[in-house]
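Some notes on the structure that comes next.
The values are calculated or read from the model by the stated rules, or taken from the named source; none is laboratory data. Because the structure is predicted, anything quoted here is derived from the model rather than measured. Glycine also receives a Cβ, built like all others from the backbone with ideal geometry; neighbour counts cover every protein chain displayed. When the accessible area is computed, the model is the full protein with side chains, heavy atoms only, and any ligands, DNA or RNA have been set aside. Shrake-Rupley method; radii C 1.70, N 1.55, O 1.52, S 1.80 Å.
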Amino acid sequence: MLKKLLFPLVAVFMLASCATPPTTIDVAPTINLPQQDPSLMGVTVSINGADQRTDQALAKVTRDNQLVTLTPSRDLRFLLQEVLEKQMTARGYMIGPSAPVALQIIVNQLYADVSQGNVRYNIATKADISIVATAQNGNKITKNYRSNYNVEGAFQATNKNIANAVNSVLTDTIADMAQDTSVHDFIKQNAR
């Protein structure tokens with residue numbers, strides 16, 4: 001009886017010791033919302049997202065003498081599309097198809113450059129996001145939002161350290177989007 005219990009227990013512990021850390025980064029930035037514009041009366045915009053990064057990795061780190069590629073836990077196109085929808089709804093817009101102004105949010109760059117030695121690590125993150133607004137009358141505007149964030153720490157960078165750096169740079173970028181009124185002004189001028 002003891003052998004029947006002991007063997008599976010030893011096998012579970014052996015497998016658990018071989019487990020590798022996950023290769024996904026939990027992307028969950030804080031979403032800042034702009035003030036509502038009471039002058040908007042039933043203005044609808046359409047929104048879609050695009051990811052134009054050449055590499056889908058968020059970071060590449062060396063662990064146990066192997067290069068590990070870390071990818072986001074969510075599709076960045078849909079994450080940023082959701083962010084923009086929340087911001088536009090907070091301003092007072094309605095979201096729907098065939099609107100007088102179409103918005104596209106594009107991920108140009110989002111990457112954490114991780115360098116680590118024996119005693120310290122450095123994470124340098126960069127975000128570059130564009131919003132392209134195209135009106136049915138042919139007018140168009142492109143607004144770019146860029147942010148950088150650097151952090152240092154002791155020993156090796158964990159997935160949580162990298163996730164915190166990525167979320168910090170994304171949160172800063174989203175805050176810039178919420179404070180900027182140039183796309184909002186463009187929509188108000190061209191949605192009639």
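Data overview
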quantity	calculated
At 0.890 mPa s and 25 °C, Stokes diffusion of the range 100-188 via Kirkwood alpha-carbon radius, µm² per second	168
Cα-centre dipole for the range 86-192 with unit charges at Cβ (Lys and Arg positive, Asp and Glu negative), debye to 20	300
Cα gyration tensor of the range 50-96 - equivalent ellipsoid semi-axes, whole Å, descending	34, 10, 6
Surface accessible to a 1.4 Å probe, TYR121 within the full protein complex, Å²	20
Column: log10 I(q)/I(0), Debye, Cα scatterers of the chain, q = 0.08 Å⁻¹	-0.37
Nearest 10 degrees, 0 to 90: helix 159-179 Cα axis against the chain principal axis	10
Percent RCO, i.e. relative contact order, over the range 121-160, from Cα pairs under 8 Å lying at least 6 residues apart	52
Probe 1.4 Å, protein heavy atoms only - accessible area per residue of the chain in square angstrom	58
Charge dipole of the range 52-133 about the Cα centre (unit charges at C-beta), most positive-ward option of VAL61, ASN122, MET88	ASN122
